[in-house]
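Working notes, structure below.
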Amino acid sequence: MVDRKREWASIYDDLLRYQVELSWDLEQMFFRASDAWVNAATVLDLGAGNAYYASMLSHKYPGKHFICIE
């Protein structure tokens, strides 16, 4: 049963990663056009899942502080 749960967790992580990678470029256009995003020093990610998205954002925007809550 433990192996089965690990397998499902791995599949879920892959799904979240693919979702981020598919939407990344489009969402970056929206972020750059948003004054709220440009001026934000701290970003709260509610429902962060495995935090892969916030991790990518933190590399792209190292001047921002990210808080992730699942």
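Here are the numbers:
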item	result
Cleavage-rule hits (trypsin sites (Lys or Arg not before Pro)) in the range 1-68: DSSP loop, at most 16 neighbouring Cβ within 10 angstrom	LYS64
Mean projection area, nm², convex hull over Cα of the chain	5.1 nm²
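Every number in this text was worked out from the coordinates using simple rules, so none of it is lab data. Only a predicted model underlies this, so the values are computations on that prediction, with no experimental measurement involved. For neighbour counting, all protein chains shown are included, and Cβ atoms are generated from backbone atoms with ideal geometry for every residue, glycine included.
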